[in-house]
Amino acid sequence: SVDSSGYQRVGGAQGRIHGEQVFQARSYVEGGNLLSGLRSDGTPYVLVGQDSLELTRELLERQLGRKAQDQEVLETVAADYGVEAEQVFPVEQPGEFHLDMRMSPLAPGVIALQDSQLSSQMQAAWIREELGSTMTAAWSQEVDDMLKAGEEASRYEALARRDLEKAGLKVVPMA
């Protein structure tokens, strides 16, 4: 759908008009599915959602006519974003969408990660406090569903946390 719209050509033309260097990336990484940052020593890194790495693998395999190795996928992303392949880290997407929907770099070597379970617990407490004795069965069900969704999301956030810590980043949970 994105490819058929022709927006890449429009963007490329705009870049050239303004004197920018334009090139075709070899990886397939949607904007919100890559987060860049710096380690505490100033080394740049990129976090890439697993889905984007698998799409990049598929593109590489079409180009190469063979199976692409994990290292080749990481090197392809690294070349597109100007970092060393050792500084490209696959991260499980903590939910149904891109990395930037539930995490954000805070400082060199530190990243905030959504804590959906805590968030839903806080929201439930606020709703219960606000509604008090006027809380209906429908609202009670809404709160229960919200708590269940927070618990479900926390399982994916735990996987993302594992990957972020494996990348050597300090993770700060935030509701």
Subject >> Answer from GLY32, GLY12 - the residue that is at pLDDT below 95, surrounded by 11 or more Cβ atoms within 10 Å (Cβ to Cβ) and out of contact with any helix residue (DSSP H, G or I) (no Cβ under 8 Å at 6 or more places or on another chain) >> reply: GLY12
Original post:
Say we look at region 41-66 and pick out the residues that are buried (at least 20 other Cβ atoms within 10 Å of the Cβ) and polar (S, T, N, Q); which of these is modelled with the highest pLDDT?
Top reply: THR56
Subject >> Positions within region 76-107 being surrounded by 15 or more Cβ atoms within 10 Å (Cβ to Cβ), closer than 19 Å to ALA160 by Cα and either more than 15 Å from the chain's Cα centre (by Cα) or among the basic types (Lys, Arg) (or both), in sequence order >> reply: GLN87, ARG102
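Looking only at residues that are basic (Lys, Arg) and under 19 Å from ASP115 (Cβ atoms) in region 125-165, which one is least open to solvent (accessible area, probe 1.4 Å)?
As a first pass, look at region 125-165 and keep what is basic (Lys, Arg): 128, 148, 155, 161-162.
Next, from what is left, pick out any that are under 19 Å from ASP115 (Cβ atoms): 148, 155, 161-162.
Details: LYS148: 151, ARG155: 136, ARG161: 82, ARG162: 123 Å².
Looking at residues that are basic (Lys, Arg) and under 19 Å from ASP115 (Cβ atoms), I get ARG161.
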Original post:
Can you tell which of ARG39, ARG62 is basic (Lys, Arg) and either in contact (Cβ under 8 Å) with a residue 40 or more places away in the chain or closer than 26 Å to LYS170 by Cβ (or both)?
Top reply: ARG39
Original post:
Taking region 99-141 on its own, how many of its residues are farther than 30 Å from PRO44 by Cβ and of a type in the set (Val, Ile, Thr)?
Top reply: 3
Original post:
Which of the residues belonging to region 12-31 are of a type outside the set (Val, Ile, Thr) and either in a loop (DSSP other than H, G, I, E, B) or closer than 26 Å to GLN50 by Cα (or both)?
Top reply: HIS18, GLY19, GLU20, GLN21, PHE23, GLN24, ALA25, ARG26, SER27, TYR28, GLU30, GLY31
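The values are calculated or read from the model by the stated rules, or taken from the named source; none is laboratory data. This is a predicted model, so every value here is computed, not measured. Neighbour counts run over all protein chains shown; Cβ positions are idealised from the backbone, glycine included. The protein model used for the area step is the full one, side chains on, heavy atoms only, and it has no ligands, DNA or RNA in it. Shrake-Rupley method; radii C 1.70, N 1.55, O 1.52, S 1.80 Å.
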